[in-house]
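Engineer: Please read through the structure below; I'll follow up with questions.
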Amino acid sequence: MKNTAKLQTLSPTKTPKAQDPAPTKMTSAQKIGDLLLGMKALSQDQLHIALHEQKTTKEMLGEILVRLGFIDQDVLAIGLAARAGIEPIDLSTTYFDTELLRQLPKESAAMALALPLSLDHHKLEIAMADPFDVIALDEIRRHFPRTLQIVPRVASRSAIEALIANLDNSFGSIDDILTHLETGFREPDAASYEHPVIQLVNHLLTDAVRRGASDIHLEPEDNFVRIRFRIDGTLRQIRALHQTHWAALSHRLKIMAGMNIADTRSIQDGRFQLQINGDDVDFRVAIMPSVWGETIVVRLLDHRKSLLPLAALGYSTTCEKKLTQIFEKPQGLIFVTGPTGSGKTTTLYSVLKKISAVDVHIATLEDPVEFQLDLIRQTAIQSSTGLDFAAGVRGLLRMDPDILFIGEVRDSDTAQMALRAAMTGHQVYSTLHCNDALGALPRLMDLGLNPRLLSGNLSGLIAQRLVRKLCPHCKTERRATNDEMSIFRQAGLIEEDSPQLIAEARGCPACEQTGRKGRTVIAEILPITPALDDLIAADAPRIHLLTQARIEGFFTMQEDGLTRVLYGDIAMSDLRRAVDLSRLTMTTPVRSSRTAA
């Protein structure tokens, strides 16, 4: 009987232009180093360093380049694919047939670094980290009929390892672990025995990373402990454990985070790092005493998902153009605003990563340093030693920087020093907590900045929110309600009265029946022009600033979000959770805030 495995993928993921292969120049005989140079993913100096390292370690050149941080696994996979004439595949958007996966045992999949994708007639399509590995191909053939033609697709090693590590048989289920914990069951092989509490914590941490959670909430109640993951900005209850397991679970997390396990009445915080699926993941642990015991929140910082190129953040085409317009200014203050968790720091990290170069000195002040970036001098705030943001800026200005990144402007001294740095010809990036782009101006005045001095030294204001994206596998269409049609017309996005089709969530296995997969950015971006500078210097009312901004093409987050609803990227209900549509205001018509999907 024919066994057909249906492969469901999104449209091919766009690769950053610097990494796009040039098919006309690449042959199978081409060396990987020369190939990466041709892709502009590697510099000549980096290649020389890696070749020198290879003489000592005898490792594969690609592995050395990844280990030194010159390229990542995805770039290496693209290079291998180009050299072999094989198409790459994005496993994050692939739906696997579980029956087909079971035909290749986990041990064999791990050894071959391969996963079967589809089986159609006499052709087996398989994702591989190295399509030239003859031993891996032989291992695959052991579990499938010899008559099958194997068609390899190249995927990054990290993506394959992550999927293999989280196959159904990766380790015992949480119910098995709890049974061991309650019964005291001990494995026959004492040398390989791992205490059930350690297994339980490792299970929760690994599962959170696999599912893309940003936080783990462990909340004791009267008779049970609630465990919730924050995924795509929304909390989801994962498990409820009996109260008797809480003491051991909390003690294990405290030990891992370097906390005092005997203190149950104080606020504590700590951190630790684990390697999960071949990648380093940082965990920050915060403990707060509550009525039924200590509440623990673990924040996950996954380097792979947080250090994204600017093009991968989800900005609309129009917003990207305005961002570029702001970043090209040689000096001035640039603020990204929004509430906690709106992606402000991620955006600025992406910008810094894009503009970093050997001929530019970029220095940062952060509290704390979340991710380490190449070519950027990063300093962590240490209030206990007097190194706060204001003192740090004073020190950095003596270090001849070209660009400064201040983690947050939160007091008058820091605001004054940031303005002084901009006035002396530096480009200064920072964040503010306020609701929208124009809201940054009264906030800066409240921090003591003189509007006449701020005028001419402010390059741009950016406000953003993160909104859940609809799952591309299962989203459906429906007619917009009369209320929704009224909102679209008020925003100037539609003119006709005929019903408009918009997308909504349904749910499928690929999105865990939520109907959502990932998050995207909606934003309002305000480059400061000479006309706006004059209004700022005159301390003009908000309505005058907004009117002038509208004349120059400004649109709000609400309008950007509504455009994304019309494009089918997000649901109206998710947009309402992110922004207040009742504050939608029009001073000049805006037909569309996005020129391309």
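The values are calculated or read from the model by the stated rules, or taken from the named source; none is laboratory data. Bear in mind the structure is a predicted one, so any value in this text is a computation, not a measurement. Every residue, glycine among them, receives a Cβ derived from its backbone with ideal geometry; neighbour counts consider all protein chains shown. Note: accessible area is taken over every heavy atom of the protein model, side chains too, but ligands, DNA and RNA are not part of it. Shrake-Rupley method; radii C 1.70, N 1.55, O 1.52, S 1.80 Å.
Engineer: Going by alpha carbons, how many degrees (0 to 90, nearest 10) lie between the helix axis of 412-423 and the longest principal axis of the chain?
Structural biologist: Roughly 80 degrees between the two axes.
Engineer: Something else: For the range 78-86, what does the Karplus curve 6.51 cos²θ - 1.76 cosθ + 1.60, with θ = phi - 60°, yield as ³J(HN,Hα) per residue in whole Hz, taken in order and with x for Gly and Pro?
Structural biologist: My calculation for the range 78-86 gives 5, x, 4, 5, 5, 5, 8, x, 10 Hz in order.
Engineer: So which cysteines in the chain don't have a second cysteine's C-beta under 4.7 Å from them?
Structural biologist: Singleton cysteines: CYS319, CYS434.
Engineer: Tell me, what % of the accessible area of the chain is carbon and sulfur with a 1.4 angstrom probe?
Structural biologist: The computed percentage sits at 51.
Engineer: Would the range 471-541 count as rounded, prolate or oblate if I go by the C-alpha gyration tensor, calling it rounded below 1.5 in a/c and otherwise prolate when a/b exceeds b/c, oblate otherwise?
Structural biologist: Because a/c hits 1.5 or more and a/b fails to exceed b/c, the range 471-541 counts as oblate.
Engineer: Here's a follow-up. Charges at C-beta only: +1 for Lys and Arg, -1 for Asp and Glu. How large is the resulting dipole of the range 418-539 about its Cα centre, in Debye rounded to 20?
Structural biologist: 680 debye
Engineer: Which value in nm describes the separation of the simple spin-label points at LYS31 and THR324, placed 7 Å from the Cα toward the beta carbon?
Structural biologist: 3.5 nm
Engineer: Using the Karplus equation 6.51 cos²θ - 1.76 cosθ + 1.60 (θ = phi - 60°), what ³J(HN,Hα) coupling, rounded to whole Hz, does each residue of the range 353-368 give in order, writing x for Gly and Pro?
Structural biologist: In residue order, the calculated couplings are 5, 6, 8, 5, 7, 5, 9, 10, 9, 10, 10, 10, 10, 9, 9, x Hz.
Engineer: Okay, next question. 5 Å is the cut-off here: which amide hydrogens, built 1.01 Å from N in the peptide plane, fall below it relative to CYS508, excluding neighbours closer than 5 in sequence?
Structural biologist: Hits under the 5 Å cutoff: GLN513, THR514, GLY515.
Engineer: Right, here's the next one. Leaving out ligands and nucleic acids, note down the accessible area per residue over the chain with a 1.4 angstrom probe, in whole Å².
Structural biologist: I get 49 Å² per residue for the chain.
Engineer: Let me ask something else about it. Would you kindly derive the ³J(HN,Hα) couplings of the range 205-211 from the backbone phi angles with the Karplus curve 6.51 cos²θ - 1.76 cosθ + 1.60 (θ = phi - 60°), listing them in order in whole Hz, with x for Gly and Pro?
Structural biologist: Taking θ as phi minus 60°, the curve returns 5, 5, 5, 5, 5, 4, 8 Hz for the range 205-211.
Engineer: Past 28 Å, Cα to Cα, is the threshold; run LYS40/LYS321; LYS254/LYS354; LYS344/LYS469 against it and keep the listed order.
Structural biologist: Among LYS40/LYS321; LYS254/LYS354; LYS344/LYS469, the Cα-Cα distance tops 28 Å for LYS254/LYS354.
Engineer: Separate question: What size of dipole, in debye to the nearest 20, comes out for the chain about its Cα centre when the only charges are +1 on Lys and Arg C-beta atoms and -1 on Asp and Glu C-beta atoms?
Structural biologist: Its charge dipole is roughly 820 debye.
Engineer: Rounded to the nearest 0.05, what FRET efficiency is calculated for GLN331 and ASP280 with R0 set to 41 Å and r the Cβ-Cβ distance?
Structural biologist: 0.70
Engineer: Multiply the residue separation of THR317 and THR481 by 0.36 nm, subtract the distance between their alpha-carbon atoms, and state the gained length in nm to one decimal.
Structural biologist: Working: separation 164, 0.36 × 164 = 59.04 nm, distance 2.78 nm.
Residue separation times 0.36 nm, minus the Cα-Cα distance, leaves 56.3 nm.
Engineer: Among ILE216, PRO88, PHE335, whose Cα sits farthest toward the positive end of the charge dipole of the chain (+1 at Cβ of Lys/Arg, -1 at Cβ of Asp/Glu, about the Cα centre)?
Structural biologist: Of the listed residues, the answer is PRO88.
Engineer: Under the rule of at least 5 residues apart or a separate chain, name every residue whose amide H is placed under 5 Å from the amide H of GLU408.
Structural biologist: Hits under the 5 Å cutoff: THR431.
Engineer: Pull up the DSSP beta bridges for the chain and report the antiparallel fraction as a percent, rounded to 5.
Structural biologist: Among the beta bridges of the chain, antiparallel pairing accounts for roughly 65 percent.
Engineer: Once both axes come from the Cα atoms, what is the angle between helix 44-57 and the longest principal axis of the chain, in degrees from 0 to 90, rounded to 10?
Structural biologist: The angle comes out at about 30 degrees.
Engineer: Which FRET efficiency value, to the nearest 0.05, do you get for ASN260 and GLU63 by plugging their Cβ-Cβ distance into 1/(1 + (r/R0)^6) with R0 = 30 Å?
Structural biologist: 0.15
Engineer: Charges at C-beta only: +1 for Lys and Arg, -1 for Asp and Glu. How large is the resulting dipole of the range 215-361 about its Cα centre, in Debye rounded to 20? Could the numbers behind the result be given before it?
Structural biologist: Values: 19 positive and 15 negative charges, 56 e Å.
Charge dipole, the range 215-361, about its Cα centre: 260 debye, nearest 20.
Engineer: Also: Per 0.36 nm of contour for each residue apart, how much would the distance between HIS122 and ASP533 grow if the chain were fully extended, relative to their Cα-Cα spacing?
Structural biologist: Residue separation times 0.36 nm, minus the Cα-Cα distance, leaves 141.2 nm.
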